[in-house]
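This report refers to the structure that appears directly beneath it.
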Amino acid sequence: MELEFAKQDDEKDEKLKSPKKSKHKIVYEQEKEQDNNQQMDAEKDIQQNILEICLQIFPYPEPYSIQIESMKSIIKSLCEKKNLLFQSPTGTGKTLVTICSALAYAIINPNVQVFVLTRTNEQINGFIKEIRKIRNYADISRYSILAGRGSFCLNIDKIKSQIQMLGTRKSKYNKNLSKICNLMKQKLNCNCGKCKTSIIAASNDDIDEPFSIFQRYKQVDINQRSSQNKQDQDQQEKNCYMCPHYRIYQQIKEKKEKETIKMNLHFPQVRSASDQAYTLPDIEDMKKLFQQKNLGCPFYFNKLATQNAKLVFSTYNYVIKQNILASIQNLFKGKVIVIFDEAHNVSEQAEQEQIIKMSNKYFEQFNNTLEKVQKIFQKPQRNEMLQVGQDIRALIQLDIKQESLFLKEQLLKRADKQKQNKSDIQDKNGEADYDNDEDEEKFLQKYKHAKYNSYAVNTEQKLYKRKFNQNILFSSKDLYDLALSTINQSSQVSDDSPQCLQQIQNYIKDSNINKSQIDVESIFKLYQEQRIKEVYYFLDNFQNLFLTIKEKCGFLEKIFDQNNKSQIQQFCKLFSDKEIVKQFEQLKVNDVDSAQKFLGNLEKVFKIILYIKKVIKINTEEDIEQKDQQNKDIQGENIIVKENNNEIYELNINYKNNIKKLGEQIEISYFSKIWHFFYKLLKMRKLHGSQEDPLYLSNHYISLLRIEEQQFIPILQIGCLSASYLFKKIYKKIDISSLILTSGTLEPFELIQKSLGLEFQTYTSPHIIHSQSNLFTQFISSCDGQDICFSMNALKKEKNKNKIFQNSQIVLNKIMSKLNRYSQQVKEKCGIVIFFKSYQMLQQYKYMINMTKNADFKFFEEKRDANDFKIQYSSYKQSIQQNKSNCIFLAVNRGKLSEGIDLKDNLCRAVILFGVPYANLSDPYIICKKTHAQLYLGESQWYQKDAVKVVNQSAGRCIRYKDDWGCIFFLDSQYSLETNINQHISKWILEGQRKIYKDSEDEWIEAYDNFLDMKALEKTDQDQS
């Protein structure tokens, strides 16, 4: 009783202490709560409406309950404009669920586009297969695919032969493909039959038929050619130097822009074989469609279609690589939902994209170019270089003359506009407006000069390239830049400015003077004199700059010199490390002022050499078709070169070939790479001294490591350990409504959020696979009592390595024999995929397999080259699906087969993981990532978790949907239950383990055999029913 009274007294005291609320305040709070409830109810209604639309367009009438819950979670994030980490195990249909949910949201919100990204073009084709299933949505064909020229180019065979003739390396293939494509686009006239047809069609504006295919046609058969015989057409195009496909695309684009009503282009369904149903086209189908029906260029058409597409498919590179993103960002007009599929390694890719490297190759090319140009302009000049130097000066004079004609035309145009009271019209790029792109191209061809970037495809690219070259890297302006900005009134001329600039400004400002009475010729004659003087001053002082840079780069020669490898210590440190000062001293940036001067000199030299290279290119390039005729016309034509009013020599134009070769030998790409490296290094030095941004320092590292292959190769590297800096740039270029990352292995979520610097909602979908009935999992650590371990230490000794490989081969033979017996029972061929830690291990094991090949199985291997891999995988798939042979595919963790490939049913009945795929600890990124995770993210097991994420991804290849089944074997003692590795393996995989067989090899083989017998019986019953 006493306790009850005490409790009542306490309650009275609390009531006395709490302030009384006024009646108005109580009413206000009630109304506020009511409004909030109404708002929440309204939001729920909207979400429910979107969910109903999603269920209508979802291909299957009865989705799994976990799929509906996933849809609700995705739609909720989209409606709240939040980002989402969506983790959904294999077989749950996460790709289709995500696309349908986003598409349903976009239907309610017409100004929203869905941008779906994945790793490879093959996976894009997989997405197309998924959306082919979508029902009850008429606009599903309003999609586009942003892929490279190599995937879409209809002239690819011809271009490949040209590139092969040049002996170009594979790594430079895409760059040369773009270059040749742009040259073919610029070609205006051609006499081949196909181009004549295209020109006639364009002149008659007869583009209605191909245009209507993208507007009205629902189905198109691409099995038969609608045009002439291919052999005749190939002969017709043999000597073609222009791209007729691009011309047709231009006509379609112009017609679309002329229409007053906004038109939504779509792709018709296609049929590529007589026995095939009509389906939405993937990348290969599009190439056939555009080729057979003569519809233009699929590469550029997909960019055009993107502007009104509901769904846009592409690869990670189109967002992560900033130069590519800059070329497509204007295609997205409104809000964008960005979906990264298989996104478990997106943060790592974004981090590694920011790495800046400098190797011996860079320095050698940089040094060779410097010395080559220095020999031309050194004093006293050597006799054999005198003629070359004079030839270059002559070309510079020709180019400056074109500059002055260009600027003069710009000035007169500006004056005319001012006269018509249109002075407010000013081009954003700092150059005069034109009525259309074609007029601009004609104008630029008329006054072509090195300072204007006439090679860019369109105005947006010109703006981006000019901004990159001038504003970001090298901001100093020369007389041409100042004259152009003066003409466009974007800068003021000071009293100490060159006289020609003052005259230009007076010409523009003084509207009372009769402009016809002012001698414009004298202004630009003066400009030519002052511009030549400016350029020659740089050339005359080149030797001093060269010697200064050579002296400063002396330490680089020591680092990259093979003879000094024992004296130069390797390092790999975060910039937040207290001992980083030693590296600043070693790399000569400890003295900030001295390092700043070095960068300035490097900038000046780059500008000189870049200008010389452009002058040579502009003034020596010739049209392919007119080359022979021009050589005949210019024979004997001479140009008088003057210096200080004295004729010094004559330049014959036939000598241009020698100069052209010199221009091709001057390599400038390494200048910007070296400049970038030291710019970043100097920035870190300044931040370390001021301690202004310690987080930025801790998120970056520097390393000097020597990679030993055939010889020691030193590499200097500055890297980033946070994807947030790159994603900030992405958000500036695209108006992202929500960012969705999907994968079966996203955990730990905190690491992704910290790396991307973004807030995410999270949702994890449960697994739908019945592991106890559809999965057999086994951890194998020994064979015949001998340990099997593929760790680096265990494989160091050759004798021990051979023994481990032999024991693993015995285990593999047992797995193969049991699966072969199952195959004979059900009379269907099956596949096994073996995942190795690395390509090196694959090649080592491949040799042993060749010695002991099983006649019942055909072997394939994953190739590094994408095309070679495609051939191997296609053969593997056909062998199984056509019931020819059982197959084994030797693959690599983190490789092409380990992610995004749909190996359902018999394509993969067993996965075997050889070893634990730990990341390479000789990689500086991995070394610093491990340290960074421990020091700043509180994650001591990052290295192990990273490996297990790869394991889960590879293991998931064998079961792709609810009723699929398979076997997973972990062949390495490092997977034993006592290790941290086992703790992080996906739960659904561990649930497939029938029993823990530690010591008895016969027991797990018997259990495996029983599992296959059970599946064979199920298959027999299914066939009979």
Testing Ala891 on (1) farther than 24 Å from Gly150 by Cα; (2) part of a helix (DSSP H, G or I); (3) out of contact with any helix residue (DSSP H, G or I) (no Cβ under 7 Å at 6 or more places or on another chain), one condition comes back false. Which one is that?
(2)
Given (1) at pLDDT below 90; (2) of a type in the set (Val, Ile, Thr); (3) surrounded by 22 or more Cβ atoms within 10 Å (Cβ to Cβ); (4) more than 30 Å from His770 (Cβ to Cβ), index of the condition Val114 fails
(1)
Would you check if there is a residue in region 967-974 being among the β-branched types (Val, Ile, Thr), in a strand (DSSP E or B) and over 30 Å from Leu704 (Cα atoms)?
yes
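Kindly provide the set of residues from region 337-347 that are in a helix (DSSP H, G or I) and among the aliphatic types (A, V, I, L, M), ordered by number.
Applying the first criterion (in a helix (DSSP H, G or I)) to region 337-347 yields 343-347.
If the condition is that a residue be in a helix (DSSP H, G or I) and among the aliphatic types (A, V, I, L, M), then Ala343, Val346 are the ones that fit.
Only one of Lys945, Lys896, Lys929 is among the basic types (Lys, Arg), more than 23 Å from Gln753 (Cα to Cα) and in contact (Cβ under 8 Å) with a residue 60 or more places away in the chain; which? Steps first, please.
On the way: Lys945 fails: more than 23 Å from Gln753 (Cα to Cα); Lys929 fails: more than 23 Å from Gln753 (Cα to Cα).
Selected residue: Lys896, the only one of Lys945, Lys896, Lys929 that is among the basic types (Lys, Arg), more than 23 Å from Gln753 (Cα to Cα) and in contact (Cβ under 8 Å) with a residue 60 or more places away in the chain.
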Can you find even one residue in region 929-944 that is buried (at least 20 other Cβ atoms within 10 Å of the Cβ) and in contact with a Gly (Cβ under 6 Å, 6 or more places away or on another chain)?
no
Yes or no: region 736-756 includes at least one residue that is touching a His at 6+ places or on another chain (Cβ under 6 Å) and either small (Gly, Ala, Ser) or farther than 30 Å from Ile337 by Cα (or both).
yes
Report whether or not Ser875 is part of a helix (DSSP H, G or I) and more than 24 Å from the chain's Cα centre (by Cα).
yes
Could you list all residues from region 301-330 that are free of Cβ contacts under 8 Å to residues at least 12 places away in the same chain and more than 28 Å from Phe290 (Cα to Cα)?
none
Could you run through region 1006-1022 and say how many residues are at pLDDT below 90 and in contact with a helix residue (DSSP H, G or I) (Cβ under 6 Å, 6 or more places away or on another chain)?
1
Residues that are within 23 Å of the chain's Cα centre (by Cα) and either assigned to a helix (DSSP H, G or I) or among the acidic types (Asp, Glu) (or both), drawn from region 348-376
Glu348, Gln349, Ala350, Glu351, Gln352, Glu353, Tyr362
Leading residue by the ranking (modelled with the highest pLDDT) among those in region 978-993 that are in contact with a helix residue (DSSP H, G or I) (Cβ under 9 Å, 6 or more places away or on another chain), surrounded by fewer than 16 Cβ atoms within 10 Å (Cβ to Cβ) and part of a loop (DSSP other than H, G, I, E, B)
Glu991
Enumeration of residues in region 773-807 that are acidic (Asp, Glu) and surrounded by 13 or more Cβ atoms within 10 Å (Cβ to Cβ):
Asp787
Considering each residue of region 276-291, count those that are over 22 Å from the mean Cα position of the chain (by Cα), more than 19 Å from Ile248 (Cα to Cα) and surrounded by fewer than 18 Cβ atoms within 10 Å (Cβ to Cβ), and give that number.
4
Out of Ile834, Ile815, Ile849, Ile810, which single residue is assigned to a strand (DSSP E or B) and either buried (at least 18 other Cβ atoms within 10 Å of the Cβ) or in contact with a strand residue (DSSP E or B) (Cβ under 8 Å, 6 or more places away or on another chain) (or both)?
Ile834
Which ranges mark the strands (runs of 3 or more DSSP E) fully within region 681-750 that have 2 or more residues being surrounded by fewer than 17 Cβ atoms within 10 Å (Cβ to Cβ)?
700-708, 712-720
Kindly establish whether Phe524 is buried (at least 18 other Cβ atoms within 10 Å of the Cβ) and within 29 Å of Gln502 (Cα to Cα).
yes
Some residue of region 555-575 being out of contact with any Leu (no Cβ under 8 Å at 6 or more places or on another chain), over 17 Å from Phe363 (Cα atoms) and assigned to a helix (DSSP H, G or I)
no
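Just one of Ala947, Ala955, Ala1007 is touching a Leu at 6+ places or on another chain (Cβ under 9 Å) and assigned to a helix (DSSP H, G or I); which is it? Before you say what the answer is, go through the steps one by one.
Working: Ala947 fails: touching a Leu at 6+ places or on another chain (Cβ under 9 Å); Ala1007 fails: touching a Leu at 6+ places or on another chain (Cβ under 9 Å).
The conditions single out Ala955.
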Go through region 884-937 residue by residue and tally those that are closer than 30 Å to His700 by Cβ and among the charged types (D, E, K, R).
5
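One line per residue, one yes/no per condition, for (1) in the same structural domain as Leu842 (by TED's automatic domain parsing); (2) of a type in the set (Gly, Ala, Ser); (3) at pLDDT 90 or above:
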residue	(1), (2), (3)
Cys887	yes, no, yes
Lys896	yes, no, no
Glu899	yes, no, no
Asp902	yes, no, no
Val911	yes, no, yes
Pro917	yes, no, yes
Ser922	yes, yes, no
Could you identify the single residue in Ser973, Ser954 that is hydroxyl-bearing (Ser, Thr, Tyr), at pLDDT 80 or above, under 16 Å from Ile912 (Cα atoms) and touching a Cys at 6+ places or on another chain (Cβ under 6 Å)?
Ser973
Here are the criteria: (1) in contact (Cβ under 8 Å) with a residue 60 or more places away in the chain; (2) assigned to a helix (DSSP H, G or I); (3) closer than 30 Å to Tyr246 by Cα. Tell me which single one Lys333 does not satisfy.
(2)
I want to confirm something. Restricting to region 751-772 and keeping residues that are in a loop (DSSP other than H, G, I, E, B) and out of contact with any Phe, Trp or Tyr (no Cβ under 7 Å at 6 or more places or on another chain), which single residue is surrounded by the fewest Cβ atoms within 10 Å (Cβ to Cβ)?
Glu759
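Before we move on, is Leu651 at pLDDT below 85, of a type in the set (A, V, I, L, M, F, W, C) and surrounded by 14 or more Cβ atoms within 10 Å (Cβ to Cβ)?
Numbers: at pLDDT below 85: yes; of a type in the set (A, V, I, L, M, F, W, C): yes; surrounded by 14 or more Cβ atoms within 10 Å (Cβ to Cβ): yes.
Considered against the rule, which asks whether it is at pLDDT below 85, of a type in the set (A, V, I, L, M, F, W, C) and surrounded by 14 or more Cβ atoms within 10 Å (Cβ to Cβ), Leu651 comes out as yes.
The values are calculated or read from the model by the stated rules, or taken from the named source; none is laboratory data. Predicted, not measured: the structure shown is a model, and the values here were computed from it. Neighbour counts run over all protein chains shown; Cβ positions are idealised from the backbone, glycine included.
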